[in-house]
Structures are given as C-alpha cells and as structure tokens.
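What follows is calculated from the coordinates using simple rules that are stated; it is not laboratory data. Note that the structure is a prediction, hence the values are computed from the model and not measured. Note that each Cβ is placed from the backbone with ideal geometry, even for glycine, and that neighbours are counted across all protein chains shown.
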Amino acid sequence: MNAIGVAAMAENYQRFDPLAYLQNNYVAPRANFTSEEFVVPWKLRCLADAFATGKITGHTLIDIGTGPTIYQLLSACDYFEEIVATDFLEVNRTFIHNWVHNEDKDGFDWSPYIQHVCKIEGKGEPWKEKEQKLKKKLKKILPIDIHQPDPLGSLFSQPADALISTFCLEAASPDRPSFDKAFQNVTRLLKPGGHFLMIGALEESFYLAGEVKLTVVPLSEVDIKESFAKNGYRIHDFHSYKMPPTLKIGVDDVQGIFFIHAQKFA
Ligand SMILES: Nc1ncnc2c1ncn2[C@@H]1O[C@@H](CSCCNC[C@@H]2Cc3ccc([N+](=O)[O-])cc3CN2)[C@@H](O)[C@H]1O
C-alpha cells in the first residue's frame with residue numbers, strides 16, 4: 001500500500017465540505033428528475049431494478065463510504081433488517097446521524113429522491129413511510145478506512161450479507177495498486193455468496209468538495225470489471241452512463257458513471 005499517498009489523501013479529506021459536495025452533485029442540473037437521461041434518476045433506476053429482482057436480500061447490508069448521502073439506500077431498505085452506514089470522516093457520519101435523528105436543521109432535503117424512488121418502484125408506498133423505514137433500519141454509522149486490512153476494525157466481526165458502495169474506492173485511493181488493495185480489504189467484509197452493488201466514476205481524475213480539490217483514480221469499464229473478476233466475483237449486471245456535456249459543470253472531470261451488480265463466489 002502506498003502509505004505516503006494514502007496519508008496525503010487523508011490529510012486532504014480533512015477539508016471535504018459535505019454541503020458543497022451535495023450542492024455540486026445532488027441538486028440541479030445533475031439532480032433533474034424529469035428524465036432518466038439525467039444521471040441521478042439513472043442511478044436510482046439501476047438500484048431499484050437490482051433490488052426488485054428479490055435476489056439481493058439478507059440481514060445486514062454495509063454501505064462502504066456512505067459520505068453525506070442516503071439515496072443509495074432507498075431501494076435496499078425493503079430487503080434488509082439492518083443497514084450499516086460507514087464513512088472515513090466524522091463530518092459525514094454526523095451528517096447521516098442528524099438526518100436519521102431528524103436533527104438536520106441545516107441538512108439536505110432528500111424528499112425529491114424518496115418520492116422519485118417510490119414512484120419508480122411502483123408499489124404506491126407513501127414517501128414518508130419509506131423515509132421512516134430507512135431511518136429505522138440505519139442502525140449503525142461506523143468509521144471506516146478501506147486501506148486497512150480490516151476496514152471496520154473490531155467494530156464488525158461477522159461478514160455482511162451484502163455490500164453497497166457509491167463513488168468511494170476510486171476517490172479514496174491515491175493510485176491503482178492502492179485501489180486494488182482496498183478492493184481486497186472491503187471484499188473481506190462480505191460473506192461468500194453475498195452480493196456487491198457498486199456505483200462509481202469512469203475516467204475521473206479529480207473532483208471539488210468546497211475549498212478542496214480531491215484526486216480520483218481514473219477507471220475504465222474494463223478496469224472495474226477486472227477488479228471484480230480477479231477478486232472472486234461473478235458479474236450479474238453492468239450498466240454505464242455517458243456524462244452529457246450539459247452535466248459537465250466543472251465540479252469534476254468525470255466522463256461517465258458505472259453500475260455493477262456482482263456476487264462473491266461461495
Ligand atoms: N480511506 C477511506 N476509507 C473509506 N472512505 C473514505 C476514505 N477516504 C475518503 N473516504 C470517503 O469517500 C468519499 C466518498 S465521496 C467521493 C466522491 N467521488 C467523486 C464524485 C462523486 C460523484 C457523484 C455524483 C456524480 N453524478 O454525476 O451524479 C458524479 C460524481 C463524480 N465525482 C467521502 O465520503 C470520504 O469520506
């Protein structure tokens with residue numbers, strides 16, 4: 001592991017501003033719910049369709065690098081008893097905690113996301129019921145470092161039934177070898193036969209989160225498929241989204257987004 005690069009990233013992340021990050025990626029124009037040509041509805045559709053198969057279920061789901069967002073858990077909450085959020089930064093863990101406990105006076109309005117997911121799931125579920133369901137299931141919000149052999153330390157002993165991770169590994173690793181090592185570390189958190197859903201950036205090298213500019217490991221579709229294959233996963237589904245020029249707004253140089261549904265060999 002590139003200890004110097006990892007330490008430099010950790011130092012940089014101390015200046016990560018959750019609200020700025022949310023403003024950059026989770027409000028218009030990227031969060032336009034009128035069509036799945038926009039990236040946020042595209043992501044929500046990928047997740048809703050994956051969980052609707054009913055194949056991804058169990059007791060515990062761990063979200064690797066939750067950040068300050070909860071959208072990625074909205075379709076999952078019908079299929080797991082317990083959802084564990086994790087992040088490297090206390091500021092992000094506090095952001096999620098405040099949302100769960102309704103203490104987020106200066107928080108972020110996730111209602112358009114929850115309403116959209118209820119609509120595309122087509123179960124006629126009132127959005128406030130889904131919101132309460134997720135808050136009830138988000139039982140743990142833990143510190144994590146994907147560069148540690150045991151990313152959750154002793155806080156978590158038994159492997160999870162499923163993992164989800166959005167935009168974390170490529171944005172938390174200084175280089176490809178560190179990314180590959182982190183991938184191996186998080187795979188240890190998943191039981192054999194467990195499912196892993198990942199959404200991430202394609203060919204991105206930086207992004208902004210307030211005053212700080214963070215580096216990202218540029219990944220191609222082949223890179224990400226190879227990472228899963230060589231770490232003992234069978235790929236069930238893969239989709240990619242090409243960033244339209246109208247959504248290239250200067251907050252990063254991301255070229256596209258991938259969604260992958262894989263299963264760890266038993
Ligand atoms: N060592 C570590 N272990 C675990 N987590 C760690 C570690 N270091 C940092 N973290 C944790 O990982 C971070 C996750 S946020 C990373 C943002 N990735 C880039 C950004 C994302 C994005 C989102 C949406 C869209 N879009 O078009 O809709 C595009 C893009 C492209 N740019 C952050 O939570 C940090 O706290």
Report task. Mind jotting down a quarter of the surface of the convex hull over the alpha carbons of the chain, in square nanometres, one decimal? Result -> 12.6
Query raised in the report: Please state the relative contact order of segment 1-84 as a whole percent: Cα pairs under 8 Å, 6+ residues apart?
Result: 24
Query - Cα Rg, Dmax, segment 113-172, angstrom units - result: 15.6, 43
Query raised in the report: If you add up the charges near Tyr13, with Lys and Arg at +1 and Asp and Glu at -1, over every other residue whose beta carbon is less than 15 angstrom from its beta carbon, what do you get?
Result: -4
Query raised in the report: Tally Lys/Arg at +1 and Asp/Glu at -1 over every other residue whose Cβ is under 11 Å from the Cβ of Leu22; what's the total?
Result: -1
Query - Translational diffusion of segment 139-266, µm² s⁻¹ [Kirkwood Rh, Cα pairs; Stokes-Einstein; 37 °C; 0.692 mPa s] - result: 214
Report summary line: Once Lys and Arg are counted +1 and Asp and Glu -1 for all other residues with Cβ under 10 Å from that of Thr86, the total becomes -1
Query raised in the report: At q = 0.09, 0.12, 0.13, 0.18 Å⁻¹, what is the log10 ratio I(q)/I(0) for segment 1-156, with the Debye formula run over Cα points and no solvent?
Result: -0.31, -0.56, -0.65, -1.20
**Report entry** MRE, 222 nm, helices only [DSSP H, n ≥ 4, -39500 (n - 2.57), over the chain, to nearest 500]
**Finding:** -10000 deg cm²/dmol
Query raised in the report: Reachable lysines from Lys248, Cα under 26 Å, same-chain residues fewer than 8 places away excluded?
Result: Lys43, Lys213, Lys225
Query raised in the report: Cα convex hull of segment 1-64: how many Å³ per residue?
Result: 164
Query - Within the chain, longest stretch free of exposed trypsin sites (Lys or Arg not before Pro) [DSSP loop, at most 14 other beta carbons within 10 Å] - result: 124-187
Requested in this report: Return the loop-located GluC sites (Glu not before Pro) in segment 91-133 (DSSP other than H, G, I, E, B) with at most 11 other Cβ atoms within 10 Å of their own Cβ; answer none if there are none.
Outcome: Glu103
Query raised in the report: In percent, how large is the relative contact order of the chain, given Cα pairs closer than 8 Å and 6 or more residues apart?
Result: 21
Report summary line: Here the relative contact order (percent) of segment 146-266, from C-alpha pairs under 8 Å and at least 6 apart, is 30
